[in-house]
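Structure, as structure tokens:
The values are calculated or read from the model by the stated rules, or taken from the named source; none is laboratory data. These numbers come from a predicted model, not from an experiment. Glycine gets a Cβ as well: all are built from the backbone with ideal geometry, and neighbour counts include every protein chain shown.
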Amino acid sequence: MSVISTISKKYNLHSWSAQKALKPPVITKAQGIFFWDEDGNKYYDMSAQLVNSNLGHGNKALIKAIKDQADKLPFIGPAYAVDVRSEAARLLVEFAGPAFNGGKVFFTNAGTEANENALKIAKQYTGRWKFLSMYNSYHGSTFGSSELTGEPRRLAAEPGVPGFYHFDGPYPYRAPAQVTFKDEADQTKYYLDRFEESVEREGPSLIAAVFVETVVGSNGVLAPPKGYLPGMKKICEKHGILLVCDEVMAGFYRTGTKFAFQQFGVKPDIVTFAKGSTCGYVPLGGVIMKKDIAKHFENNKMWNGLTYSAHPMGCACCVAAIAEYERLDIAGNVKKVGKVLSDELDRLTEKHECIGEARRIGLFSQIELVKDRATKEPLPVTDAGKVVGMLKAAGFATYNNLNGIMVAPPLIITEKELREGIAILDKVLDEVDKW
């Protein structure tokens, strides 16, 4: 290991890892959809880092916005009005669409903080204390958002904050063996029934909110079947329960629209966001709430606050990012290159026995690796990790969660760059098939 890597191991704790075996590569440069290590090795950034580098690396407009704001006013506390703070909030409310007219934004520094504060806002607004979320979900790593999370990353936080309960969300590929679906409508009915059962069991009058990743991210890139989210909203409205769409990963054109919920005929009460709002250039996240929720806090104190809430440099970057999404026609590029990605994933699935299912929406996809396609036995996590290592050694940088390999490149990627990256993946999966 190099000196920098050695010092990093000595003084930094690296996320989600046992530290001893780590050999953190030293990155020296990044541009567009690529980054380079200290040995000059070039990597296709095929997960957009942590599915947040939507506009790629080295975007000059975002960098200029941060520099200009640093020269003008790098920081002032959240109690003060600032031009970029006001403009970012205005743009985000517009970004969320007509359903949020008259709504407001509470800014945070990350996605986990966004969900954490959405929990508190929902609790204050409704006066209730229970929350429901899917087992197959990830909502963050602070205590509240860890409890919202349904997958194993929540376990380190347990026993945690009381009031959190989980239900089975749509995952047709992993449905119980005795359950069969004739069509998408069957899927919707089955999973809505499971959701409504959970609501009834937990006492509807006690539930403040239901949190859903509009499109489940790291746990499979699972888009809901048609009618599922509107059906969920209808059940919530019946009982006075808020519906919160976690768009931390799926937002900002990752699925093809500004926010993913805009594709599914649903109007959530609250939207949480982070990653694509600044594309990782500086930290920012937040909670967008509808008018009636914002109005509640006109005469009721909101017990939420962060020193760096609505940080001026984060807000300046967000304003610039929203302009760049428009200038670069990112929606058009996601539609065009997303079709190429979809076709390539179909081709890979037909070719490789190790692929159980490749799910996708826009430029958001995950390949679920299996030991046996007939039985759907998952590829062990250790083997999936080896696949990620093989991909990285070949210049394809991504990550896995359990047996799923993420393919979610920066939204600026060209058709040529995508095909080059997929060619690397194809070659590595040839080896995995032999296992």
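Suppose the filter is closer than 25 Å to V370 by Cα and either outside the structural domain of I367 (by TED's automatic domain parsing) or assigned to a helix (DSSP H, G or I) (or both); does P162 pass it?
No: the conditions fail for P162.
Would you mention how many residues in segment 1-18 are part of a loop (DSSP other than H, G, I, E, B) and exposed (fewer than 11 other Cβ atoms within 10 Å of the Cβ)?
5
Going through segment 36-85 one residue at a time, which ones are assigned by TED's automatic domain parsing to the domain that holds E420, more than 25 Å from L328 (Cα to Cα) and of a type in the set (G, A, S)?
G40
Among the residues of segment 165-179, is any basic (K, R) and part of a loop (DSSP other than H, G, I, E, B)?
no
Of the residues in segment 78-109, how many are at positive phi and under 21 Å from the mean Cα position of the chain (by Cα)?
1
If we scan segment 253-269, do we find a residue that is touching a Phe, Trp or Tyr at 6+ places or on another chain (Cβ under 7 Å), modelled with pLDDT of 95 or more, among the aliphatic types (A, V, I, L, M) and in the same structural domain as Y125 (by TED's automatic domain parsing)?
Looking through segment 253-269, none of the residues is touching a Phe, Trp or Tyr at 6+ places or on another chain (Cβ under 7 Å), modelled with pLDDT of 95 or more, among the aliphatic types (A, V, I, L, M) and in the same structural domain as Y125 (by TED's automatic domain parsing).
Show me the helices (runs of 4 or more DSSP H) found entirely inside segment 77-150 where at least 3 residues are among the acidic types (D, E).
Result: 83-95.
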